[in-house]
Amino acid sequence: MPFSPESNPYLADLQARGLFLPEQAAAIAAADEARPFSLHYELRALLYLGITLLAGGLGVLIYQNIDSIGHGFIILVIAALMAACFGYAARHRAPFTWGMSSRTSVGADYLLLLGCLLFVVLEGYAQYQYNVFGTRYGLATAVPALVFLPLAYAFDHRGVLAMGLTALASWVGLTVAPLAVLTENEFWNDRIRGAAIGLGLLLMAAGFYSEYRDRKAHFAFTYLLLGSNLALAALATLLVQAALHDQPILGLSYVVVILALCAGLYWYARRTQSYWFLVLAAGYAYFAVGYVLVQVVMLLPSELVFMAAFFQFPLSAILVVVFFINIKKIMRGPTDVPKSPTSSPQA
């Protein structure tokens, strides 16, 4: 089969340099055209979207026909569907291991996720209709955490782990300040900030421990992502509060803590080659450094403040562009200095 340069310009360039014979280029082009295209991530996205739409559609259907269906029948149907999902997932569950479990069924992972969503729907519906938890809202959020976290380890499912950690964070927030959250909409008061920082650091420690002890080491990403965002977001709100109340010394102490956490995320990103944690560390570090720059600018004479602010924002935008252009170099770090030819090798 003749090779067409228009079909693969890179291969045509290599052939023009004399690196490939015409028959070799034709064979490579034919193999490239016959190679199957992977739809793995597209299918996973469609499955997650289907589960979400199914859960939402069931909720709308129940809401529209609640008078004709009956509360008891609705709870029975939801419970039956949930039991079927958990039963199928349990039937196809791989043997437990502290490493990454092998997948015995593609549908089992998504049905487990659907079962957890149905559990939340069932709990919320029972609470709304029958007030089973009364005013103990913390218990209503603790139950999903107590259910989802063991399931995540038993079935080796990071999505269920994220749901369990989210429920755990909700329980902590409702435990430390239930009235402020539910009646005054104060989602970031001092008690909740302290709880968020403490829980975030605890989740980060759990992530590092899981990697160090090789206990579901692939769960470390979820622990560190949720924990670092929780702690750093709470510290960021404290930094904003310090700026609004003109407390520069307190604000600088928060800056030190934020930069320390960002340094840890940067180290972890370099070690695991994770661009996600690198961008996360850079974003929060940019926020903290921006606070320091603003404090420095405010110390300048009034006629220089406007000029400094005028140059600060364009320069910061340029730095962001430079960061993303050189993100691969930042991830790799400085290249190693070549050893001298006269240096003797170590024993």
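The values are calculated or read from the model by the stated rules, or taken from the named source; none is laboratory data. This one's a predicted model, so the numbers in the text were calculated from it and none came from an experiment. All Cβ positions, even for glycine, are placed from backbone atoms using ideal geometry, and neighbour counts span all protein chains on display. Please note that ligands, DNA and RNA were not included when accessible areas were found on the heavy atoms of the full protein model with its side chains. Shrake-Rupley method; radii C 1.70, N 1.55, O 1.52, S 1.80 Å.
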Does the stretch 222-233 hold any residues that are within 17 Å of LEU278 (Cβ to Cβ), buried (at least 19 other Cβ atoms within 10 Å of the Cβ) and not small (Gly, Ala, Ser), and which are they?
-> LEU224, LEU225, LEU232
Can you find even one residue in the stretch 333-346 that is modelled with pLDDT of 75 or more, out of contact with any Cys (no Cβ under 9 Å at 6 or more places or on another chain) and either closer than 26 Å to THR272 by Cβ or open to solvent by less than 100 Å² (accessible area, probe 1.4 Å) (or both)?
-> no
Selection count, the stretch 94-120, where residues are among the charged types (D, E, K, R) and touching a helix residue (DSSP H, G or I) at 6+ places or on another chain (Cβ under 6 Å) | 0
Filtering the stretch 187-210 down to residues that are open to solvent by 50 Å² or more (accessible area, probe 1.4 Å) and modelled with pLDDT of 90 or more, which residue is nearest to ALA242 (Cα to Cα)?
-> LEU201
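It is to be established whether one or more residues within the stretch 214-221 are in a helix (DSSP H, G or I), farther than 17 Å from MET331 by Cβ and among the small types (Gly, Ala, Ser). Spell out the reasoning first.
Initial filter on the stretch 214-221 (in a helix (DSSP H, G or I)): 217-221.
From what is left, the residues that are farther than 17 Å from MET331 by Cβ are 217-220.
Of the ones still in play, those that are also among the small types (Gly, Ala, Ser) are 217, 220.
The answer is yes; a qualifying residue exists.
With the structure loaded, tell me whether PHE148 is within 17 Å of THR52 (Cα to Cα), part of a helix (DSSP H, G or I) and of a type in the set (Phe, Trp, Tyr) or whether it fails that test.
Values: within 17 Å of THR52 (Cα to Cα): no; part of a helix (DSSP H, G or I): yes; of a type in the set (Phe, Trp, Tyr): yes.
No: the conditions fail for PHE148.
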Among the numbered conditions (1) among the small types (Gly, Ala, Ser); (2) under 24 Å from LEU203 (Cα atoms); (3) surrounded by fewer than 19 Cβ atoms within 10 Å (Cβ to Cβ), tell me where ALA152 comes up short.
-> (3)
Of the residues GLY134, GLY56, GLY115, which is assigned to a helix (DSSP H, G or I) and at pLDDT below 80?
-> GLY56
Only residues in the stretch 240-254 that are hydroxyl-bearing (Ser, Thr, Tyr) count as the first member; pair them with residues that are open to solvent by less than 50 Å² (accessible area, probe 1.4 Å), Cβ under 9 angstrom, at least 6 apart or cross-chain, and list the lot.
-> SER253/ALA242; TYR254/LEU235; TYR254/ALA236; TYR254/LEU238; TYR254/LEU239; TYR254/ALA242; TYR254/ALA288; TYR254/TYR291
Pull up the stretch 235-250, narrow it to residues that are of a type outside the set (Asp, Glu) and not in a helix (DSSP H, G or I), then point me to the one that is farthest from LEU201 (Cα to Cα).
-> HIS245
Could you please tell me which pairs satisfy a Cβ distance under 7 Å, a separation of 6+ or placement on different chains, a first residue in the stretch 135-156 that is closer than 18 Å to LEU114 by Cβ, and a second residue that is at pLDDT below 90 and polar (S, T, N, Q)?
-> ASP156/SER101
Residue pairs qualifying under the 6 Å Cβ cut-off, at least six apart or on distinct chains, with the first in the stretch 296-324 being open to solvent by 80 Å² or more (accessible area, probe 1.4 Å) and the second being part of a helix (DSSP H, G or I), are none
